[in-house]
Amino acid sequence: MVRARADLHTHSSSSDGSDSPTELVRKADAIKLGGIALTDHDSLDGIQEFMNAEASDHLVRVPGLEISTEYDKKEVHILGYFVPLDSKSLNEELEFLRKSRHERLPKIVQKLNDLGCDVTIDELYEDLEGVASPGRPHVAQLLIKKGFVETTLEAFQKYLASDKPAYVKKARMKTLEAVKLLKSVGAVPVLAHPLTVEIQDLRSFVETLMNTGLLGIEVEYDYSFMGMNRTSDEVREVIQDLDILHTGGSDYHGTVHYTELGSVSVPIEVINSLKRIHSEL
């Protein structure tokens, strides 16, 4: 039996998803996906479990991650596919990024307290056991739990988005450095959800990244769960004549972001293309 579709953007409880890597694999198998990539934020901690979890032979798994970066003071996320687990240079950078994530949590909590939200860092960490790379969605879940908001989207729109009063910036890699690093360790660098990047000339930006080593762009993506009225057709129009791999995925986080696993997918052949590019690096 051929399974035709792959979801190449998912998160587990090792970062800000609600499913363990094993649960993620089981769900992907149950809905008969042909392939799935685990792309946790700034962390590879869940990859071993993800790759070792029991599943049918029909499910292809891709070890990946999503790195938080910055370009011209704008936040940019870079996906990496077929990432090695034993790269010293990559793991040192990821450890720095994870440390920054932990260091900003008390600052966010303090800002929320100043805004009248009675939450504590101890309450937050009660729900972070085993989480290597915590993020704002975890804070959003605590705000929901305490009754200050009803949804993750509301938490971001009211408190946690970059232009909202409880936002605290974390350390990020420079975007071009992240692309170079991923490629240098044999991983395939891909620009995630490009329409979220607050840059006017997306075409020029993509070309700059390609000149640095970017090899793919996430074309298939549902922006509606971020409250954005935009579509993947806009990306296709911008990059229609560029020689770059098109990827895509649901950005599944389990109960955190309310997107369904496999709700956005790409042909399974995209994984074959990623494998080929990876083998040539």
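Derivation of every value follows stated rules applied to the coordinates shown; laboratory data play no part. None of these values were measured; they are calculated from a predicted model. Counting neighbours? That spans all protein chains shown, and the Cβs are built from the backbone with ideal geometry, glycine included.
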Inset, instruction - Report, to the nearest 10°, how far helix 269-280 tilts away from the longest principal axis of the Cα atoms in the chain, using its own Cα long axis and a range of 0 to 90°. - result: 80
Inset, instruction - Enumerate the lysines that LYS169 could reach by cross-link, defined here as Cα to Cα under 27 Å, with residues fewer than 8 away along the same chain left out. - result: LYS73, LYS74, LYS88, LYS99, LYS107, LYS111, LYS145, LYS146, LYS158, LYS180, LYS183
Inset, instruction - Find how much the distance from ASP233 to ILE121 grows on full extension, using 0.36 nm per residue of separation minus their present alpha carbon separation; answer in nm with one decimal. - result: 36.2 nm
Inset, instruction - Decide, for the range 62-102, between rounded, prolate and oblate: order the square roots of the alpha carbon gyration tensor eigenvalues as a ≥ b ≥ c, take rounded if a/c falls under 1.5, and otherwise choose prolate if a/b is larger than b/c, else oblate. - result: oblate
Inset, instruction - Identify, among VAL188, ASN229, THR208, the residue whose Cα sits farthest towards the positive end of the charge dipole of the range 185-280, taking +1 on the Cβ of Lys and Arg and -1 on the Cβ of Asp and Glu, with the dipole about the Cα centre. - result: VAL188
Inset, instruction - Can you tell me how much longer the chain between SER184 and SER100 gets when fully stretched, taken as 0.36 nm per residue apart minus their C-alpha distance, in nm with one decimal? - result: 27.9 nm
Inset, instruction - Between GLU66, GLU103, GLU75, find the one with the highest GNM mean-square fluctuation for the chain; connect C-alpha pairs within less than 10 Å. - result: GLU103
Inset, instruction - Run through the DSSP bridge list for the chain and note the antiparallel percent, rounded to the nearest 5. - result: 45
Legend entry - Estimated vicinal HN-Hα couplings, Hz - the range 187-204 in sequence order (Karplus 6.51, -1.76, 1.60; Gly, Pro = x): 8, 9, x, 9, 6, 7, 4, x, 6, 7, 6, 7, 10, 5, 9, 5, 4, 4
Inset, instruction - Give the order of ASP45, ASP163, ASP72 when sorted by the count of other beta carbons within 10 angstrom, beginning with the fewest. - result: ASP163, ASP72, ASP45
Inset, instruction - Provide the gained length on full extension for the span ARG26 to LYS145, in nm with one decimal, where the gain is 0.36 nm per separating residue minus the Cα-Cα distance. - result: 40.1 nm
Inset, instruction - Could you work out the longest stretch of the chain that avoids the trypsin sites (Lys or Arg not before Pro) located in DSSP loops with at most 12 other Cβ atoms within 10 Å? - result: 170-281
Inset, instruction - Taking the Cβ of each residue in HIS77, HIS58 as the centre, tally the other Cβ atoms inside 10 Å and list the residues starting with the fewest. - result: HIS58, HIS77
Inset, instruction - Let me see the pair-distance distribution of the range 148-203: every alpha carbon pair, 10 Å bin width, integer percents in order. - result: 18, 33, 32, 15, 1
Inset, instruction - Could you state the angle between the C-alpha long axis of helix 175-184 and the longest principal axis of the C-alpha atoms of the chain, as a value from 0 to 90 degrees rounded to the nearest 10? - result: 50
Legend entry - Order of LEU97, LEU79, LEU281 under a 10 Å beta carbon neighbour criterion, fewest first: LEU281, LEU97, LEU79
Legend entry - Convex hull (Cα only) mean projected area of the chain, reported in nm² to one decimal: 13.9
Legend entry - Helical mean residue ellipticity (222 nm; -39500 (n - 2.57) per DSSP H run of 4+; nearest 500) of the chain: -11000 deg cm²/dmol
Legend entry - Interatomic Cα distance distribution for the range 17-120, bins of 5 angstrom, percent: 2, 11, 17, 17, 16, 13, 11, 8, 4, 1, 0
Inset, instruction - Could you run the Karplus curve 6.51 cos²θ - 1.76 cosθ + 1.60 with θ = phi - 60° over the range 133-147 and give me ³J(HN,Hα) per residue in whole Hz, x for Gly and Pro? - result: 9, x, x, 4, x, 5, 5, 4, 5, 5, 5, 5, 4, 8, x
